[in-house]
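See structure below.
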Amino acid sequence: MADYQTRRTLMVDTQVRPSDVTKFPIIDALLTVPREDYVPTGLRDAAYIGENLDIGGGRVLLEPRTLAKMLDAADVEPTDVVLDLGCGLGYSTAVLAHMAEFVVAVEEDAELAEEAQQNLSTSGIDNAAVFAGELAEGAAKNGPYDLIMLQGAVEVVPQTLVDQVKDGGRIVAIFAEGALGVVRVGHKIDGVMNWRMVFNAAAPVLNGFRKEVAFTF
């Protein structure tokens, strides 16, 4: 039987800490949440690899380093209400729920959303809820949010999501730029997002977050 606890510790010690992520709430969450419970059954043994894990449908579970550094940039507070977009099977939601007051997760695939909710319930996580819906629409009825995190890349962040962030709140996302990408954190000040680059990372672009192509004749 695989020793997942040992793998979890190795993940933190060899992938997360060397990436200058040392905040206790992040380390504690990553050591506590069983990542292997939030991947497709046949990929449990690959749950702790240091790269994005394909979960099907053009979607990935972000590599531990990327998620950890995004959490570091997000400055998650215990009183935060968080919107987690593209939660897959619920891993990022579980980690965020360990750090924040409440997490609302949205997954476009209804079956994934149902399985994510089951995974969270099985883990005893009662401060998170998963809804099926279009990611770019967010979940306005449960907002506004202190933090929005996107578990995949974007080319553009729609105003619909900006409107769901509290003033003083933030959005953390991977912006696709050619073959590579860059994680940016945006702070909403007087209704306007002010973005800054944090680090390089890559992931598939989520549905609904591509720039509209302008046709010229």
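The values are calculated or read from the model by the stated rules, or taken from the named source; none is laboratory data. Quick caveat: nothing in here was measured; it's all calculated off a predicted structure. We place every Cβ from the backbone using ideal geometry, glycine too, and count neighbours over all the protein chains shown. Surface accessibility is based on the protein's heavy atoms, side chains included, excluding ligands, DNA and RNA. Shrake-Rupley method; radii C 1.70, N 1.55, O 1.52, S 1.80 Å.
Quick notes
- Residue list for the range 27-60, filter: assigned to a strand (DSSP E or B) and either at pLDDT 95 or above or farther than 22 Å from residue 97 by Cα (or both): 53, 54, 56, 60
- Selection count, the range 156-208, where residues are within 13 Å of residue 74 (Cα to Cα) and surrounded by fewer than 18 Cβ atoms within 10 Å (Cβ to Cβ): 7
- Residue 124 of a type in the set (Gly, Ala, Ser), at positive phi and in contact with a Phe, Trp or Tyr (Cβ under 6 Å, 6 or more places away or on another chain): no
- Applying the criterion of at least 2 residues that are farther than 29 Å from residue 54 by Cβ to the strands (runs of 3 or more DSSP E) found wholly in the range 121-217 leaves 165-177, 180-189, 192-200.
- Scoring residue 82 on the criteria (1) more than 9 Å from the chain's Cα centre (by Cα); (2) not in a strand (DSSP E or B) leaves a single failure, condition (2).
- Check on residue 10, open to solvent by 30 Å² or more (accessible area, probe 1.4 Å), in contact with a helix residue (DSSP H, G or I) (Cβ under 8 Å, 6 or more places away or on another chain) and on the phi < 0 side of the Ramachandran plot: no
- The sole residue among 22, 79, 32 that is of a type outside the set (Lys, Arg), open to solvent by 10 Å² or more (accessible area, probe 1.4 Å) and within 24 Å of residue 160 (Cα to Cα) is 79.
- Check on residue 65, touching a helix residue (DSSP H, G or I) at 6+ places or on another chain (Cβ under 6 Å), modelled with pLDDT of 95 or more and assigned to a helix (DSSP H, G or I): yes
- On inspection, residue 9 fails the criterion of being closer than 23 Å to residue 125 by Cα and modelled with pLDDT under 95.
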